[in-house]
Each structure stands twice: as C-alpha cells, then as structure tokens.
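Everything on this sheet refers to the single structure shown next.
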Amino acid sequence: MLTCKQFLSELTDYLDEKTSTELREKLQRHITECPNCWVVCDTTKKTIQVYKGMQSCSIPEDVHARLMAAVERKIADCGKPK
Ligand SMILES: [Zn+2]
C-alpha cells in the first residue's frame, strides 16, 4: 500500500503514463481507497487536459507557470499533516 506522499510524487508520471504497469496498478489502487488523493488526481488530470487542449493556441509562459504553481500548491496542501 502506497502512502499519500508516494502517490503524489508519482502522480505526474502516472498522468503522463510514464509509470510501469506494476506501479500504475498500485497508484490506481491507492485512489480507489483514498478519496483525498482521488480528488487531487482528478483535479490535476482535468487541469492537464485543459492545458493540452489550449496548447494549439499557444498559452503564454506566465499562464503556464501559474497553472503549474496552482497544481503544486494543491499537492502541497494535501501532503500537510492532519
Ligand atoms: Zn492518499
């Protein structure tokens, strides 16, 4: 069983489909058991989809940086001790 911290550190690779099948299965199992990480995963996935959808009309550097900062903030919030 992965910890939330491990899950979040693999999240971007998971969404980019860069993880091994074994790790991917572990990550998928984690989200079915951890609603908190499911929300982070879902939000990040949607953000990436929006971002990819916008790439055709080339988004400015600063918008990209803000987007990534927002995602990182979200992940950091999740990692805080309860
Ligand atoms: Zn979790």
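The values are calculated or read from the model by the stated rules, or taken from the named source; none is laboratory data. All figures in this text were calculated on a predicted structure; none of them were measured in a lab. Here the Cβ is made from the backbone with ideal geometry for all residues, glycine too, and neighbour counts use every protein chain on show. Heads up: the accessible areas ignore ligands, DNA and RNA and are worked out on the full protein's heavy atoms, side chains in. Shrake-Rupley method; radii C 1.70, N 1.55, O 1.52, S 1.80 Å.
A few remarks follow.
- Charges were assigned to the Cβ only: +1 to each Lys and Arg, -1 to each Asp and Glu. The resulting dipole of region 4-79 about its Cα centre is roughly 140 debye.
- Whole-percent carbon and sulfur share, accessible surface of the chain, 1.4 Å: 54
- Entries in LYS5/LYS26; LYS5/LYS46; LYS45/LYS74; LYS18/LYS74 that, when Cα-Cα distance is taken, lie over 19 Å: LYS5/LYS46; LYS18/LYS74
- Mean Cα-pair separation over length for region 4-79, i.e. relative contact order, pairs under 8 Å, 6 or more apart, %: 37
- Accessible area (Å², per residue) of region 4-79, counting only protein heavy atoms and a probe of 1.4 Å: 68
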